[in-house]
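The values are calculated or read from the model by the stated rules, or taken from the named source; none is laboratory data. What you are looking at is a predicted structure, and each value in this text was computed from that prediction instead of being measured. Don't worry about glycine lacking a Cβ; one is built from the backbone with ideal geometry, like all the others, and counts go over all protein chains shown.
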Amino acid sequence: MGKQWVRQELKRNELAAQVENVAVKVQENRQTAIAAAIGTLVVIAVAAGTWFHLNKTRTEAWEKLAIAQSLAYSGQAKPALEQLQPVIDGGSLPSSYAQLFAADVRFRTGDYKEAIAAYQRIVDRGGPKTLVPIALGNLALAQEAAGDCKAALESNQRLIDTNQDHFMAPQAQASMVRCFSATDQGAQAKSTLDRIVLLYPESYWAQWAKERLNPIPAKKTP
């Protein structure tokens with residue numbers, strides 16, 4: 001995904017803007033056409049160097065992210081986070097993905113405070129748009145895990161209000177059920193379970209909700 005995005009992004013790079021400006025000047029003053037053509041060649045040379053640098057930097061960032069994922073999945077959280085930090089500091093698109101994954105690593109290791117802060121930064125930044133609902137849903141889970149059900153309910157509600165059809169929405173509804181139950185809001189928990197069954201009838205979450213609406217009675221010991 002990263003390399004494809006880089007190619008798309010480079011279509012709108014500085015080179016295109018500079019060449020367009022040169023073309024406009026040629027139409028306005030034909031006597032400067034030769035000078036403009038020379039200027040275009042200079043711009044192309046500079047932009048080519050810029051393109052190579054950007055492409056190389058972003059490719060290296062995606063590679064570091066892949067290495068960090070491999071380390072994390074093998075149980076090496078600290079080296080994974082160390083691998084991610086320079087990518088996060090880079091400030092490009094890989095930086096956002098690295099920040100999201102770093103938050104996931106901290107969540108899995110029980111460092112909920114840092115995970116919450118990292119997810120919140122992505123949400124507050126508002127982009128990339130594809131990552132915001134994921135960060136928002138995971139933010140709610142981290143808040144729930146940290147025992148802050150009030151904040152978790154607010155984050156989950158925000159996700160549902162803004163991304164009702166997102167694949168994270170059923171998880172958000174389930175998190176709300178748990179938080180309602182934990183805060184003695186039984187009526188809200190039940191209505192949310194009913195909503196899950198209605199909205200996602202063929203999903204795992206619907207079955208999950210049905211089991212809680214109709215709990216299996218415990219077997220009596222003889």
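Okay, residues lined up against (1) within 22 Å of residue 201 (Cα to Cα); (2) among the small types (Gly, Ala, Ser); (3) touching a His at 6+ places or on another chain (Cβ under 6 Å):
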| residue | (1), (2), (3) |
| --- | --- |
| 152 | no, yes, no |
| 155 | no, yes, no |
| 159 | yes, no, no |
| 168 | yes, no, no |
| 172 | yes, yes, no |
| 175 | yes, yes, no |
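Test residue 132 against the stated conditions and say whether it is in the same structural domain as residue 78 (by TED's automatic domain parsing), farther than 18 Å from residue 177 by Cβ and surrounded by 19 or more Cβ atoms within 10 Å (Cβ to Cβ). Break it down into steps so the answer makes sense when it comes.
Details: in the same structural domain as residue 78 (by TED's automatic domain parsing): no; farther than 18 Å from residue 177 by Cβ: yes; surrounded by 19 or more Cβ atoms within 10 Å (Cβ to Cβ): yes.
Taking the combined requirement at face value, the residue does not satisfy it.
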Residue list for the range 117-146, restricted to those being of a type outside the set (Asp, Glu) and farther than 12 Å from residue 100 by Cα: 125, 126, 129, 140, 141, 142, 143, 145, 146
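Being modelled with pLDDT under 80 and not in a loop (DSSP other than H, G, I, E, B) is the filter here; which residues of the range 90-115 pass it? I'd like the intermediate steps shown before the answer.
Here is the first cut: in the range 90-115, the residues modelled with pLDDT under 80 are 90-94.
The answer is 90, 93, 94.
Limited to the range 196-207, what total is found for residues that are buried (at least 16 other Cβ atoms within 10 Å of the Cβ) and part of a helix (DSSP H, G or I)?
Taking the range 196-207 first, the residues buried (at least 16 other Cβ atoms within 10 Å of the Cβ) are 196-197, 199-200, 205-206.
Those left that are additionally part of a helix (DSSP H, G or I): 196-197, 199, 205-206.
So the count comes out to 5.
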Do you know which residues across the range 70-99 are closer than 23 Å to residue 125 by Cβ and among the aliphatic types (A, V, I, L, M)? 72, 80, 81, 84, 87, 88, 93, 98
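Residue check: is residue 175 buried (at least 17 other Cβ atoms within 10 Å of the Cβ) and either over 22 Å from the mean Cα position of the chain (by Cα) or not charged (D, E, K, R) (or both)? Step through it out loud before you land on a result.
On the way: buried (at least 17 other Cβ atoms within 10 Å of the Cβ): yes; either over 22 Å from the mean Cα position of the chain (by Cα) or not charged (D, E, K, R) (or both): yes.
Yes; evaluated as a whole, the condition is true for this residue.
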